[in-house]
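The values are calculated or read from the model by the stated rules, or taken from the named source; none is laboratory data. These numbers were taken from a predicted model, which means no experiment stands behind them. Cβ placement follows ideal geometry from the backbone for every residue including glycine, while neighbour counts extend to all protein chains displayed. With ligands, DNA and RNA removed, areas are computed over all heavy atoms of the protein, side chains included. Shrake-Rupley method; radii C 1.70, N 1.55, O 1.52, S 1.80 Å.
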Amino acid sequence: MESRRIITCVREGVLADVLLEDGHLAELSLIPKKHASILGNIYTGRVKNIVKNIQAAFVEIEPGLLCYLPLEEVRSPIYTRPKKQERLAEGDELLVQVCREAVKTKAPSVTTNLNLTGKYLVLTTGNQVTGYSSRLKAEEKARLKGILEEWGRLPAGLIVRTNAGQAKETELWKECERLCETYRYLTEQAVHRTACSCVLESRPPYLTSILGSRSESLKEILTDDPKLYGQIREFLMEEMPEDTEKLRYYEDTGLSLKALYRLEKGLNDALAARVWLKSGAYLVIEPTEALTVIDVNTGKYTGGRDKQETIRKINLEAAREIAGQLRLRNLSGIILVDFVDLDRKEAQEELLLYMRELLKRDPMKAAAVDMTALGLMELTRKKQKKTLAEQAKECGI
């Protein structure tokens, strides 16, 4: 299992949230301190209008801020005012959660399926069943099923996270009680709040990244900001007490935390269009309005005499780098990859299967869909946050 280190540092009004895996930069988020993200927040929203031809509603969550709500995703809505008809209608007031930030010209998206996330469990209102992470081992899943069956009926559905694999029953139950208490607050008190107001703020992104890390792989949490240190320590003591000792305040004035881990270079590389591979080949990554295009080039590669084996090695190396770049740059939506000379069907199938295995490691839902008629590989990745390039632009970098 890889060793993980989380770094949170602040420079010139920008908070950098960094995840290192085995010493390599795996994820990087830039957050302007003056603009808090609304992703994950829960609001009492008011339906402003319903557009039947696109099967969607637009919900106002703050004065003047409209969000997109697909009608097909309106399941088990929690209304904050009595209503007569069963279907969603203009003027209805209900609890919604922001599930995707505004991306380019698109409005934020909301859902009526509220997710309350803990380290081990996610309480979900849209489905009353219990789901399990696909990354749990068979014996872990069997043990957890036995524990949850003894709990009886809960007020909402549950998703059991990978972190729960080694957790004690007392830890699981304590977290479940905390999530159920939040759920009761939403359904009993928040429903009386004024429309178009926030009733529950999500955790800051730097705390969410800590919460999602497995204890056995998380080696250290570093920050050079005293205020953030206090916030992270308080969070750990309340929700992850077993990891509190991993938090460290970085005080070396001679060498900044950013310089120690070469974060400036890592950011510049992650924003560059060209990515060099160890072999001498390179990628060109070009985001467009509708999708992202990635081109694989042989560059300076000087392989052996077997042309097909040379191409195979370049493409496999490129696939590994592409899977990493999707996470690092937070690329999402449709991604088309033009690998080197994929003329043979066997080569296409091998590469497609390899890419699918690589994408299983991505914390965000991602998939290698197929090869197009022109030999391009089609990937998709769930949209949730802004890309790293958009974050950098928003932060003035």
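State which residue is farthest from the chain's Cα centre (by Cα) when the search covers only the range 25-49 and only residues that are in a loop (DSSP other than H, G, I, E, B) and under 27 Å from T112 (Cα atoms). This residue is H35. Has the range 37-44 got any residue that is in contact with a strand residue (DSSP E or B) (Cβ under 9 Å, 6 or more places away or on another chain), buried (at least 20 other Cβ atoms within 10 Å of the Cβ), within 19 Å of R233 (Cβ to Cβ) and of a type outside the set (A, V, I, L, M)? No - not one qualifying residue is present in the range 37-44. Of all residues in the range 217-262, which are part of a helix (DSSP H, G or I) and among the basic types (K, R)? Passing the criteria: K227, R233, K246, K258.
Taking the range 319-341 on its own, how many of its residues are in contact with a Leu (Cβ under 7 Å, 6 or more places away or on another chain), open to solvent by 20 Å² or more (accessible area, probe 1.4 Å) and more than 15 Å from K382 (Cα to Cα)? Counting residues in the range 319-341 that are in contact with a Leu (Cβ under 7 Å, 6 or more places away or on another chain), open to solvent by 20 Å² or more (accessible area, probe 1.4 Å) and more than 15 Å from K382 (Cα to Cα) gives 3.
Scanning the range 45-55 for residues that are of a type in the set (A, V, I, L, M) and crowded, with 17+ Cβ neighbours inside 10 Å returns V47, I50. Considering only residues in the range 56-79 that are more than 21 Å from T124 (Cα to Cα) and of a type in the set (D, E), the one that is least open to solvent (accessible area, probe 1.4 Å) turns out to be E60. Has the range 8-22 got any residue that is under 25 Å from the mean Cα position of the chain (by Cα) and farther than 30 Å from E251 by Cβ? For the range 8-22, residues under 25 Å from the mean Cα position of the chain (by Cα) and farther than 30 Å from E251 by Cβ: absent. Scanning the range 358-376 for residues that are in a strand (DSSP E or B) and surrounded by 18 or more Cβ atoms within 10 Å (Cβ to Cβ) yields a total of 3.
So that you can scan it fast, the table gives a plain yes or no per residue for (1) touching a strand residue (DSSP E or B) at 6+ places or on another chain (Cβ under 9 Å); (2) assigned to a helix (DSSP H, G or I); (3) closer than 26 Å to R381 by Cα; (4) polar (S, T, N, Q):
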position: P77; (1), (2), (3), (4): yes, no, no, no
position: Q85; (1), (2), (3), (4): no, no, no, yes
position: L94; (1), (2), (3), (4): yes, no, no, no
position: C99; (1), (2), (3), (4): yes, no, yes, no
position: V110; (1), (2), (3), (4): yes, no, yes, no
position: G126; (1), (2), (3), (4): yes, no, yes, no
position: R135; (1), (2), (3), (4): no, no, yes, no
position: L148; (1), (2), (3), (4): yes, yes, no, no
position: P155; (1), (2), (3), (4): yes, no, no, no
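Scanning the range 166-203 for residues that are at pLDDT 90 or above, of a type outside the set (A, V, I, L, M) and within 28 Å of R248 (Cα to Cα) gives K168, T170, E171, K174, E175, R178, E201, S202, R203. Could you tell me which residue of the range 207-266 is modelled with the lowest pLDDT, considering only residues that are charged (D, E, K, R) and surrounded by 16 or more Cβ atoms within 10 Å (Cβ to Cβ)? Once the filter is applied, the top-ranked residue is R214. With the checklist (1) out of contact with any Pro (no Cβ under 7 Å at 6 or more places or on another chain); (2) surrounded by 18 or more Cβ atoms within 10 Å (Cβ to Cβ) in hand, flag the one item V14 doesn't pass. Among (1) out of contact with any Pro (no Cβ under 7 Å at 6 or more places or on another chain); (2) surrounded by 18 or more Cβ atoms within 10 Å (Cβ to Cβ), V14 violates only (1). Limited to the range 283-318, what total is found for residues that are under 20 Å from D370 (Cα atoms), assigned to a loop (DSSP other than H, G, I, E, B) and either at pLDDT below 90 or open to solvent by 60 Å² or more (accessible area, probe 1.4 Å) (or both)? Number satisfying all stated conditions: 1. Exactly one residue out of T124, T130, T162 is crowded, with 20+ Cβ neighbours inside 10 Å and among the polar types (S, T, N, Q): that is T124. Which residue, of T187, T208, T194, T182, is of a type in the set (V, I, T), part of a loop (DSSP other than H, G, I, E, B) and in contact (Cβ under 8 Å) with a residue 60 or more places away in the chain? Unique residue meeting the criteria: T194. All of P108, P32, P82 fail the test of being farther than 26 Å from V129 by Cα, open to solvent by 40 Å² or more (accessible area, probe 1.4 Å) and not charged (D, E, K, R), apart from P82. In summary, E90 fulfils each of the numbered conditions (1) more than 27 Å from I334 (Cβ to Cβ); (2) open to solvent by less than 20 Å² (accessible area, probe 1.4 Å) with the single exception of condition (2). No other residue among P70, P82, P77, P108 is of a type outside the set (S, T, N, Q) and modelled with pLDDT under 90 apart from P82.
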